[in-house]
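What follows is a single structure, written as structure tokens, with notes after it.
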Amino acid sequence: MKYFSASFYYMRYRVLFRIVGAICRQFSLRVWLLSLLFFPLFFLHQVVSMLFRALDEVFHRGYKTTPLQQPVFIIANPRSGTTYLHRLIALDEEQFVYTKNAHTFFMASSFVQFYNVCRWVDTHLLRGLIRRLIARLDILFWGGWDDIHPMGFNKAEEDELVFAQMLMSGGIYIPFPFFHLHHETKFLDREPATVRRQVMDFYESSIRRFVFRAGKDKTYLAKNVFSTARFKTLLQRFPNAKVIYIARHPYDAVPSMASMFTILYSKKILGNAPPRMAWAQYGIDFYKYAKELRSTIPAAQLAVVKYDDLLTDPQQTVQAIYEHFNWTPSAKFLERLSREQARNSHYKSAHEYSLEAFGLSKAQLNRELGDVMDEFGFERES
């Protein structure tokens, strides 16, 4: 459904109706309680988002002509280091503008202005009271994700919430164990042309609104693992975009992805049930689709890096990306990058997972993704 136009607000209600129907057909106290919390907040978010976007139409109309100079999209299978790489490149504040987690809730110029005003008031008048409150909220909302995907309202984050509010993101099924039943949110590239166009109208408008207030003289830097399934649609809308793809061994990335997105439902509740297996299969499909599309992008627009190289020598990996795209790193950026590498030199995730927990085996991945493993030199095991 469009509100005035897709660029102002667009939401795919048929996905919402499918979720509600599944909730009604399959009783689960936990899901029903989550629904009582989720749906009021979802519609409140919709109202507030439209309010900020309406304010843009009155006070920030310049966003419509804001140039998007060769935006950069970091994509990969989930759990492949996209967050880490995104936050490393985001240190280049002279060249790039990027969303923090708070920005992604309301991608509007007026919200960015509101955010900046709040930070100024907090720094100059409240002596960091808001900052300390936000730190406590970070622990409340995201504390359990520290070993999986470190999050915080003021940390650099992917812009997936823009798609989630349209109900065009697989992430909306994190609270609801029905991912195996519905497919409209999984691959935007396979949806009808009208849907793809309207989703991109809303997404492009959101980026322009954000960049207009946050840094219109800079390049938009985004990382979004789900955009692996929007690869073609993104490049049709942004033909001059730069794409960075990170390759991680499927033995690790596939079960880690499935574990992350079913974290609200323990093995005791789901076991090797269809929702868990559907997330694992989604990860396999991502590898296949990314391989198909990598061959369609001009080499000058695509940089491919390996996850292991990123962890072993992040500074060299980032510098290689800059050389590939002919970007010039500033001395300040190189200094920040060096400090960040030193700070994370001993990092090791505590997130544990196994293929068997999701009904998978190495033999199955060898059959389905053997060509991907061979392409990147990943070792096959029996």
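Each residue in the stretch 1-26 was checked for being in contact (Cβ under 8 Å) with a residue 60 or more places away in the chain, of a type in the set (Ser, Thr, Tyr) and part of a strand (DSSP E or B), and 4 of them qualify. Pairs meeting the criteria (first residue in the stretch 174-198 and polar (S, T, N, Q), second residue modelled with pLDDT of 85 or more and surrounded by fewer than 16 Cβ atoms within 10 Å (Cβ to Cβ), beta carbons under 7 Å, at least 6 apart or on different chains) are GLN198/LYS2. Six or more apart or on different chains, Cβ atoms under 7 Å: show the pairs whose first residue is in the stretch 41-63 and within 15 Å of PHE202 (Cβ to Cβ) and whose second is surrounded by 15 or more Cβ atoms within 10 Å (Cβ to Cβ) and among the charged types (D, E, K, R). These pairs meet every condition: ASP56/ARG209; TYR63/ASP56; TYR63/ARG208; TYR63/ARG209. Taking (1) outside any helix (DSSP H, G or I); (2) modelled with pLDDT of 95 or more; (3) of a type in the set (S, T, N, Q) in turn, GLN319 satisfies each apart from (1).
A search for C-beta distances below 6 Å between a residue of the stretch 362-382 that is among the polar types (S, T, N, Q) and any residue that is assigned to a loop (DSSP other than H, G, I, E, B), counting only pairs 6+ apart in sequence or on different chains, returns ASN366/ARG380. Which of the residues spanning the stretch 27-74 are among the β-branched types (Val, Ile, Thr) and either within 22 Å of the chain's Cα centre (by Cα) or part of a helix (DSSP H, G or I) (or both)? Of everything in the stretch 27-74, those that are among the β-branched types (Val, Ile, Thr) and either within 22 Å of the chain's Cα centre (by Cα) or part of a helix (DSSP H, G or I) (or both) turn out to be VAL31, VAL47, VAL48, VAL58, THR65, VAL72, ILE74. Just need a number here: residues in the stretch 64-105 that are in contact (Cβ under 8 Å) with a residue 12 or more places away in the chain, out of contact with any Phe, Trp or Tyr (no Cβ under 7 Å at 6 or more places or on another chain) and among the hydroxyl-bearing types (Ser, Thr, Tyr). Residues flagged as in contact (Cβ under 8 Å) with a residue 12 or more places away in the chain, out of contact with any Phe, Trp or Tyr (no Cβ under 7 Å at 6 or more places or on another chain) and among the hydroxyl-bearing types (Ser, Thr, Tyr) within the stretch 64-105 amount to 5. Residues in the stretch 157-196 that are over 23 Å from GLY81 (Cβ atoms), in contact with a Gly (Cβ under 8 Å, 6 or more places away or on another chain) and not polar (S, T, N, Q): PHE179 only.
None of ALA342, ALA357, ALA278 is outside any loop (DSSP other than H, G, I, E, B), of a type outside the set (Lys, Arg) and touching a Pro at 6+ places or on another chain (Cβ under 9 Å) except ALA357. Taken over the stretch 152-190, the residue count meeting the criterion of being in a loop (DSSP other than H, G, I, E, B) and among the small types (Gly, Ala, Ser) is 2.
Every listed requirement among (1) surrounded by fewer than 18 Cβ atoms within 10 Å (Cβ to Cβ); (2) closer than 19 Å to ARG208 by Cα is met by HIS124 save one, (2). Within the stretch 153-190, the residues that satisfy the criterion of being of a type in the set (S, T, N, Q) and at pLDDT 90 or above are GLN165, SER169, THR185. Looking only at the stretch 208-265, residues that are in a strand (DSSP E or B) and among the aliphatic types (A, V, I, L, M) come to 6 in all. Exactly one residue among TRP142, TRP120 is on the phi < 0 side of the Ramachandran plot and modelled with pLDDT under 90, and that residue is TRP142. Residues being surrounded by 20 or more Cβ atoms within 10 Å (Cβ to Cβ), at pLDDT below 90, under 21 Å from SER354 (Cα atoms) and of a type in the set (S, T, N, Q) are represented in the stretch 260-274 by at least one member.
A quick yes/no check of all residues on (1) in contact with a Phe, Trp or Tyr (Cβ under 6 Å, 6 or more places away or on another chain); (2) part of a loop (DSSP other than H, G, I, E, B); (3) modelled with pLDDT of 90 or more:
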residue	(1), (2), (3)
ARG336	no, no, yes
TYR347	no, yes, no
HIS351	no, yes, no
ARG367	no, no, yes
GLU379	no, yes, yes
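The values are calculated or read from the model by the stated rules, or taken from the named source; none is laboratory data. Computed from a predicted structure; not experimentally measured. Virtual Cβ from ideal backbone geometry, glycine too; neighbours counted across all protein chains shown.
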